[in-house]
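Chemist: Can you keep this structure in mind? I'll have questions shortly.
We did not get these values from a lab; they are worked out from the coordinates using the rules stated. Treat the numbers as computed from the prediction; the structure is a model and nothing was measured. Using ideal geometry, Cβ is built from the backbone for each residue, glycine included, and neighbour counts are taken over all protein chains shown.
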Amino acid sequence: MPATLNSNIHTVEVSPTLTKIEKSCLEKIVRCWLNNDEEEYPMHDEMFVPGENVSNLYLLLSGRDAMYSNLLQKSMHCSTNPLVAFYSHSAHYSCKKSAIVTGLGKDDLIAVQNDDIGATKYSTEHRSI
């Protein structure tokens, strides 16, 4: 949406109207996703991202930070359990780039096969684990 309107929405000060439109759109998406028709605003995190590269990077960063909450104080070596990430065999090339940026290595990415319609083959995933 921001790219279509050729505008910046990184802060309310830069674009107060588009920020409100963004929040409204995300609220509607969350209501559809959570099947929530109540008046109360359902709890969720929200973010528009400019593409798959940044989306995959945010995904790995949020997963890493959820796993290691003390990462801000210590390095990636704060745990004896190494992190790995599973990704679709047909995933976007940015998965590998994002893994490197977040401190995972290419060897820590485990490709999981898909079936004909793109769904994960769970038997393959379970063997990978």
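Chemist: Can you give me the three principal axis dimensions of the range 52-128 from its C-alpha atoms, in Å, biggest first?
Modeler: Sorted largest first, the three principal extents are 44, 27, 19 Å.
Chemist: In whole Å, what is the distance between the alpha-carbon centres of the range 51-69 and the range 90-109?
Modeler: Using only Cα atoms to place each centre, the spacing works out to 11 Å.
Chemist: Treating the beta-carbon of each Lys and Arg as +1 and of each Asp and Glu as -1, no other charges, what is the dipole magnitude of the range 52-128 about its Cα centre, to the nearest 20 debye?
Modeler: 240 debye
Chemist: So between S88 and A66, what do we pick up on full extension, going 0.36 nm a residue minus the alpha carbon distance?
Modeler: 5.8 nm
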